[in-house]
Amino acid sequence: MKNKSLITLLMGVSFSSFAQIPVYQDVRQPLELRVQDALSRMTLEEKVKLCHAQSKFSSNGVPRLGISELWWSDGPHGVRAEINWNDWGYAGWTNDSVTAFPALTCLAATWNPEMSAGYGRAIGEEARYRKKDVLLGPGVNIYRTPLNGRNFEYMGEDPYLAGVMCVPYIQELQKNGVAACIKHYALNNQELWRGHIDVELSDRALHEIYLPAFKAAVQEGEAWSIMGAYNKIRGQHACHNDLILNQILKNDWAFDGVVVTDWGGCHDTQEAALYGLDVEMGSYTNGLTSESEFSYEDYFLAQPYLNMLQAGAVCQSTVDDKAARVLRLIFRTSMLPDKPFGSLATQDHYDVAEAIGNEGIVLLKNAPVSKKQKALLPIDPARYKRILVVGDNATRLLNEGGGSSELKVKDMISPLDGLKARYGDKVNYTQGYTAGRPMYGRIEGIPQSISDSLRKEAVRMAAESDLVIFVGGLNKNHYQDCEAGDRLSYGLPFGQDELIREITGVNKNMVLLLLSGNAVEMPWLDQVPAIVQSWYLGSMGGKSIANVLSGDINPSGKLPFSFPVRLNDCGAHAFDEMSYPGDSIRQIYKEDILVGYRWHDTKEIPALFPFGYGMSYTDFEYGKARISGQTLRDEQLLTITVPVKNTGKVAGKEVIQLYVNEAEAKVLRPTKELKGFRKVELQPGETQEVTFTVSVDDLKYYDDTRQAWHAEPGAFRVLIGTSSADIRSEAGFNYEPALMGNK
Ligand code: BGC
């Protein structure tokens, strides 16, 4: 059949043999045949039209041929409310309220790909119901500095973890006929000067740290679209960048989907024509607030591109390639036949959101207040008559603000709602500090009298309570966890450090919840007995929090990034300002491949809380790791097995992590690198054998002299741990390439 259609097409009779409909409309035909058929019927003007926006969040189809337009939507934590056709205002619809899913940092902290699959399925169903074709997410930029205002939208500091976790999200999302759009490709690791900062880094850092998660999204997830970043890379804007788009993405990785700009990320017609961009969106705005006087015909990839094509200044093949990619995307999404209908804000989606929250919350500290007492968590309600909840984040609508990931939420259980539902009348609330309204602009100073009175009231009430649950952290205001700006300092904002100190001065029974997508400095660490990293959890957040604090759910989240003690303990900040934030024009990633725990381990600078760390209400004992052989050869696998036992009194889940270490390398290698993890559930007393495999690919580094991945022959170790800083068992082996004896 396929051959017959191909022959018919080649003969110039582009009607399907199945019926008298054009081949491109015949969904039984192979995708590529349909794309080529549609292309062959289109005028140059029609091809160019496919390459740019027609409104803020839609791009053109080919109306003459019945080829439909594309509707794009943010992403990545839920489907954003409808935006006006021609400006950034909200359209004011009343049927666009959705489920807010936990932020991607929380998803990464579950270390559970099944959670990621559930997330992708549920958000895909919501996007489908809302008639979206492309969801702008997930984001997999690497967490380089805790100051990056957008870390909450990403999956942490490790390329392997981010890669494994993004794949099921993409696959399940796309089963709904909605494309994932991976962002922001690449090196958008800070928001400060994001529109123009020119990132310089080594080939090793590029390939070993910043690209692998994108590669996994493209090659394993088979994402249908990807969004270029705002910044420059080695002198060229990321949205039209020969190296990362043409050479790496489209050539080396064989990506057949669409490269779209970040909104307003296109800067030049010729570069956009030549260097890998397919669709231009959001031009002539700063991506956030201002509207242009230019029409969509003035876009770089609109009339100016057509002029260049007609003048022969750029090849027709450039537009044929772009248009073919857009047609492929249209056929995969908006013109996909028999699409599921989708669904919106269902109980099932709330269950998914709650489950991800349950598994993503990380217990950082849980110490007894005095020697005679048990640890504070899980909360034993019999011990406390009066529970005081303090903090702005206990009631704040944390899905407002933060930039494009902002959501209009149908239902929302705040931390205070969740705790009240669990502990009823025992719960009292006071705000404690104020943080202003969510907004993009600078937060005006809060009058001192207001701060003082809130603080005094909180301290007074804390002194009269038996337990204090402090719900603080960052929020979605500018200079916090928010797009288009970085945090101004590593400490907690809004006077929270002083407030925490004063409260613990009158009541030592404090459980501190950090709602944030970033690490924060903890000068009060010794005074606070229980600390819980609670992320931004979306619609069901308060429920997940109550589940974990009460012990109904045993926490099993593990940190997807390190918490440095001081900012300068983080690799990006250990150098001069050229490393972070740059001189406003350029920056150089001076820590090179030593990002996150790779820096802490290799430089022997302990983290406050290390990558992969998270406590449980039970204990796990690791036995001795066994390895299937002493020698690894190319094309072979070694199997590593380790028994893990739940030695405590309650059931729990543990994330067993496998890191690889090269004993003596010719080049710099991090002390350890994550190459595998498994999450297992164990009943009290139960033991499970946990199995990993290691292949030669897990031993490789990117050799910049060969411009290829390479493993050195020699001794390696696998390190099995409960975090990057707590290795429980290890085993050694030798790598011997197959041809070694013949050299
Ligand atoms: C953001 C993108 C977002 C786009 C559309 C940009 O400002 O960087 O992540 O998808 O706007 O809202």
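The values are calculated or read from the model by the stated rules, or taken from the named source; none is laboratory data. All of these numbers come straight from a predicted model, not from anything done at the bench. Don't worry about glycine lacking a Cβ; one is built from the backbone with ideal geometry, like all the others, and counts go over all protein chains shown.
Selection of the range 230-258 for residues being within 16 Å of the ligand (Cβ to nearest atom), without any contact (Cβ under 8 Å) to a residue 60 or more places away in the chain and touching an Asp or Glu at 6+ places or on another chain (Cβ under 6 Å) yields Y230, K232. Taking the listed residues L192, L243, L277, L249, the one that is within 20 Å of D486 (Cα to Cα) and either out of contact with any Ser or Thr (no Cβ under 8 Å at 6 or more places or on another chain) or not in a helix (DSSP H, G or I) (or both) is L192, with no other qualifying.
Here's the yes/no breakdown for (1) assigned to a strand (DSSP E or B); (2) of a type in the set (D, E, K, R); (3) farther than 30 Å from D704 by Cα:
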site	(1), (2), (3)
G557	no, no, yes
P560	no, no, no
F575	no, no, no
S579	no, no, no
E591	no, yes, no
W599	no, no, no
Y613	no, no, yes
T618	no, no, yes
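Screening the candidates L674, L668 for the property of being within 14 Å of E208 (Cα to Cα) and part of a strand (DSSP E or B) yields one hit, L674.
Here is a list: A382, A353. Which entry is assigned to a helix (DSSP H, G or I) and without any contact (Cβ under 8 Å) to a residue 40 or more places away in the chain? On inspection, the qualifying residue turns out to be A382.
Screening D576, D592, D583, D569 for residues that are acidic (D, E), touching a residue at least 40 places away in the same chain (Cβ under 8 Å) and not assigned by TED's automatic domain parsing to the domain that holds N366 leaves exactly one candidate, D592. When every residue of the range 452-472 is checked against the conditions, at least one turns out to be of a type in the set (S, T, N, Q), more than 30 Å from D351 (Cβ to Cβ) and assigned to a helix (DSSP H, G or I). Can you find a residue in the range 403-416 that is in contact with a helix residue (DSSP H, G or I) (Cβ under 7 Å, 6 or more places away or on another chain), in a helix (DSSP H, G or I) and not polar (S, T, N, Q)? Within the range 403-416, one or more residues are in contact with a helix residue (DSSP H, G or I) (Cβ under 7 Å, 6 or more places away or on another chain), in a helix (DSSP H, G or I) and not polar (S, T, N, Q).
K132 falls short on exactly one of the conditions (1) assigned to a loop (DSSP other than H, G, I, E, B); (2) within 12 Å of the ligand (Cβ to nearest atom); (3) at pLDDT 95 or above, and that condition is (2). So I182 passes all but one of these: (1) free of Cβ contacts under 8 Å to residues at least 60 places away in the same chain; (2) buried (at least 24 other Cβ atoms within 10 Å of the Cβ); (3) in a helix (DSSP H, G or I). Which condition number does it fail? Checking I182 against (1) free of Cβ contacts under 8 Å to residues at least 60 places away in the same chain; (2) buried (at least 24 other Cβ atoms within 10 Å of the Cβ); (3) in a helix (DSSP H, G or I), the one that fails is (3).
Restricting to the range 369-392, name every residue that is touching a Pro at 6+ places or on another chain (Cβ under 7 Å) and either modelled with pLDDT of 95 or more or within 16 Å of the ligand (Cβ to nearest atom) (or both). Once the filter is applied, which keeps residues that are touching a Pro at 6+ places or on another chain (Cβ under 7 Å) and either modelled with pLDDT of 95 or more or within 16 Å of the ligand (Cβ to nearest atom) (or both), the range 369-392 yields A375, L376.
Against the condition touching a residue at least 40 places away in the same chain (Cβ under 8 Å), closer than 27 Å to G124 by Cα, away from the ligand (no atom under 16 Å from the Cβ) and buried (at least 19 other Cβ atoms within 10 Å of the Cβ), how does L211 come out, does it pass? Answer is yes for this residue. Within this structure, N86 passes the test of being within 16 Å of the ligand (Cβ to nearest atom) and not hydroxyl-bearing (S, T, Y). Candidates G118, G124, G156, G61: the one that is touching a residue at least 60 places away in the same chain (Cβ under 8 Å), more than 16 Å from the ligand (Cβ to nearest atom) and over 24 Å from the mean Cα position of the chain (by Cα) is G61.
No other residue among L173, L187, L192 is more than 27 Å from A519 (Cβ to Cβ), within 16 Å of the ligand (Cβ to nearest atom) and of a type outside the set (G, A, S) apart from L173.
Restricting the search to strands (runs of 3 or more DSSP E) fully inside the range 679-739 and requiring at least 3 residues that are of a type outside the set (D, E) and farther than 15 Å from E662 by Cα gives 687-695, 714-723, 726-735. Is one or more of the residues making up the range 99-106 in contact with a Lys or Arg (Cβ under 9 Å, 6 or more places away or on another chain), part of a loop (DSSP other than H, G, I, E, B) and either on the phi > 0 side of the Ramachandran plot or away from the ligand (no atom under 14 Å from the Cβ) (or both)? Checked against the condition, which is being in contact with a Lys or Arg (Cβ under 9 Å, 6 or more places away or on another chain), part of a loop (DSSP other than H, G, I, E, B) and either on the phi > 0 side of the Ramachandran plot or away from the ligand (no atom under 14 Å from the Cβ) (or both), the range 99-106 yields at least one hit.
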